[in-house]
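Worksheet: the structure to be examined is printed underneath.
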Amino acid sequence: MEVTTLKLTKSEKIKIANTDDLHTILADILKREDKINREKEHFWFIGFNSQNYILCIDTVSLGTVKSTQVMPMNVFRNGVWHVCVPEG
């Protein structure tokens, strides 16, 4: 499985106001994938800052047509790698 990472520059960071905004972004990402992978289950990690700007989007797991396996440590690891932790 190829794990893809989309790390955004400061000018590319998009503020998310609601779930429709997030759906639009993820649908656009999915359209860029090979047609065969579009049918598979995806588990994405999306890191936000405290103002709801997207910091990063990672594919944690790409499964089959019916399921995908996700290990919690892989999800949390992405947040640490990209420093997607609460600002305070």
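Hey, can you tell me all the residues within segment 57-76 that are β-branched (Val, Ile, Thr), closer than 25 Å to residue 15 by Cα and either out of contact with any Leu (no Cβ under 6 Å at 6 or more places or on another chain) or free of Cβ contacts under 8 Å to residues at least 24 places away in the same chain (or both)?
Of everything in segment 57-76, those that are β-branched (Val, Ile, Thr), closer than 25 Å to residue 15 by Cα and either out of contact with any Leu (no Cβ under 6 Å at 6 or more places or on another chain) or free of Cβ contacts under 8 Å to residues at least 24 places away in the same chain (or both) turn out to be 59, 60, 75.
In segment 10-49, what residues are hydroxyl-bearing (Ser, Thr, Tyr) and modelled with pLDDT of 85 or more?
Hits for segment 10-49 are 19, 24.
Only one of these is of a type in the set (A, V, I, L, M) and either in contact (Cβ under 8 Å) with a residue 12 or more places away in the chain or surrounded by 13 or more Cβ atoms within 10 Å (Cβ to Cβ) (or both): 36, 54. Name it.
Going through 36, 54 in turn, the sole match is 54.
Inside segment 39-51, can you point out the residues that are of a type in the set (S, T, N, Q) and either in contact with a helix residue (DSSP H, G or I) (Cβ under 6 Å, 6 or more places away or on another chain) or loosely packed, with under 15 Cβ neighbours inside 10 Å (or both)?
Once the filter is applied, which keeps residues that are of a type in the set (S, T, N, Q) and either in contact with a helix residue (DSSP H, G or I) (Cβ under 6 Å, 6 or more places away or on another chain) or loosely packed, with under 15 Cβ neighbours inside 10 Å (or both), segment 39-51 yields 50, 51.
Starting from residues that are among the β-branched types (Val, Ile, Thr) and modelled with pLDDT of 85 or more, keep the ones in segment 60-88 and report whichever is farthest from residue 38 (Cα to Cα).
70
The values are calculated or read from the model by the stated rules, or taken from the named source; none is laboratory data. Here the structure is a predicted model, which is why all the values come from computation and not from measurement. Don't worry about glycine lacking a Cβ; one is built from the backbone with ideal geometry, like all the others, and counts go over all protein chains shown.
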